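Trainee: Got a structure here, written out as structure tokens. Questions coming.
A short reminder: the numbers here are calculations on the coordinates, not readings from a lab. Quick caveat, the model's predicted, so the values are computed rather than measured. Cβ placement follows ideal geometry from the backbone for every residue including glycine, while neighbour counts extend to all protein chains displayed.
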Amino acid sequence: MLARASLDQIAGVNFAISHARLFRTLGRLPYGPVHKTLMALTWLETWLRWPLRTLNMLDGVSETFSVLDPDGQRFGLTEAARADFRKNLLYRHIPDLLVLLTGLERPDFRRRALVIENEDVLTRERERGPGAIVVGFRMGVYPVIPWVLGSLGSPVSMVVGNETLVGQGRGLGENFLPSSSQRVRFIDAREPLVLARCLDDLNAGGLVCTLLEMSPYKFAKTTDVQFFGWTIQVPYGISYLAAATGRSIVPATLTREEGPRFRLSFGEPLPAPARSRASIRESTQQLYHALERQILRSPEQWVGWTLLSSHMGIELQGATSSRVPTPLTF
């Protein structure tokens, strides 16, 4: 089950919920040994139970990278980065997710393994708001961003793509983070009153959070943006919310470091756009520029490399054309 969970995010969350008691027990043990044990079990089961599926996935990853970045110069996908990406994809997802979930409500864990960077940025935005809009990027153990925000003491409303994700979010919170989950609620983006609910939460001083990329919202209104030189269609709901409320957007990334340690970092807020299609499009474009910058910092942690075609509509056969990434300013 660990191997299947690592190969399938939905299965991974269901696995975590159904075995919550076991993992809560493991979470009381020393951090390092638990993580190493889960990593070893995941590696063993991956190759014993799913060898053909694993080989097929690794072949697909290698083929994608050879097309996207054959010499490792365009996106930083060097041989070392590719090896780390494979480990993150196959073996680290479930151990990282469960160790972080079981430890978030433990003060000793947070001091040792979770670093909050630029928290004052979020504090200022909440005071200026009231409340704040936070956009998380899918780096590292991205599913836990709402609970990490909730562990800071803020009420959080997490906008997700469908009812299945709402149910899974609630299940993880109830089983692993009973205190923090009381401050975190999940909202289905398909709800007719989703924007009204977000506005109410912001006015109450809370955080409205969502994940930016890899969200195939076919039902959502979209706009075109430039992403690493490709033109893609993406939902613009978060920029629309910022325009409607006059609030800035705070980019946030949760990344994995050696140890393992986890770092939640808040970037400089993007100003609220004006209430016009052009301004909302430009705001959405700036979010994708921020995503590009973060990917180039940690290319081995971005899950999206293998989903460019299926989720972003990017034609990989054209990846080696003369187009170059959008110029970035660090």
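Trainee: Out of 119, 292, 127, any idea which swings most in a Gaussian network model of the chain, alpha carbons joined below 10 Å?
Mentor: In this elastic network of the chain, the residue with the biggest mean-square fluctuation among 119, 292, 127 is 127.
Trainee: Place the peptides 86-99, 50-63, 300-313 in order of packing, highest mean first, counting for every residue the other Cβ atoms within 10 Å and averaging per peptide. Don't jump to the answer; show the numbers that get you there.
Mentor: Numbers: 86-99: 22.3, 50-63: 12.8, 300-313: 17.6.
Highest to lowest by the protection proxy: 86-99, 300-313, 50-63.
Trainee: Right, something else. Work out, step by step, the length gained on full extension between residue 59 and residue 317: first 0.36 nm times the residue separation, then minus their alpha carbon distance; give nm to one decimal.
Mentor: On the way: separation 258, 0.36 × 258 = 92.88 nm, distance 1.65 nm.
Working it through step by step, the gained length comes to 91.2 nm.
Trainee: List 157, 239 from most exposed to least, where exposure is judged by having the fewest other Cβ atoms within 10 Å.
Mentor: Details: 157 23, 239 26.
Going from sparsest to densest Cβ surroundings: 157, 239.
Trainee: Mean separation of Cα pairs under 8 Å and 6+ residues apart, divided by the residue count of segment 2-318: what relative contact order is that in percent? Walk me through the numbers before you get to the answer.
Mentor: On the way: 495 pairs, mean separation 67.8, N = 317.
Rounded, it is 21 percent for segment 2-318.
Trainee: Provide the convex hull volume over Cα atoms per residue for segment 235-288, in Å³.
Mentor: On the way: hull volume 4.2 nm³, N = 54.
Taking only Cα atoms, segment 235-288 has a hull volume of 78 Å³ per residue.
Trainee: Over 5 Å intervals from 0, what percent of Cα-Cα pairs in segment 93-140 sits in each interval?
Mentor: Spelled out bin by bin, segment 93-140 gives 5, 16, 18, 20, 20, 15, 5, 1 percent.
Trainee: Pick out which of 103, 206, 32 has the largest mean-square fluctuation in a Gaussian network model of the chain, springs linking Cα atoms closer than 10 Å.
Mentor: 32
Trainee: Give the peptides 195-203, 20-28, 277-285 in descending order of average Cβ contacts within 10 Å, highest first. Provide the component values of the computation, followed by the final result.
Mentor: On the way: 195-203: 16.7, 20-28: 14.7, 277-285: 18.2.
With the highest mean Cβ count within 10 Å placed first, the list reads 277-285, 195-203, 20-28.
Trainee: Would you list 39, 139 from fewest to most Cβ contacts within 10 Å?
Mentor: Values: 39 19, 139 26.
Least to most surrounded, the residues fall as 39, 139.
Trainee: Need one word for segment 2-318: rounded, prolate or oblate. Basis is the Cα gyration tensor (sqrt eigenvalues a ≥ b ≥ c); a/c below 1.5 gives rounded, then a/b vs b/c decides. Don't jump to the answer; show the numbers that get you there.
Mentor: On the way: a/c = 1.71, a/b = 1.16, b/c = 1.48.
It is oblate, given that a/c is not under 1.5 and a/b is not larger than b/c.
Trainee: Now for a separate question. Out of 242, 34, 75, whose Cα points farthest toward the positive end of the dipole of segment 2-318 (charges: +1 Lys, Arg; -1 Asp, Glu; placed on Cβ)?
Mentor: 34
Trainee: Now for a different question. By the scheme Lys and Arg +1, Asp and Glu -1, what is the net charge of all other residues having a beta-carbon under 12 Å from that of residue 118?
Mentor: Working: positive: 124, 263; negative: 117, 119, 120, 125, 268.
Spelling it out: positives minus negatives among the neighbours equals -3.
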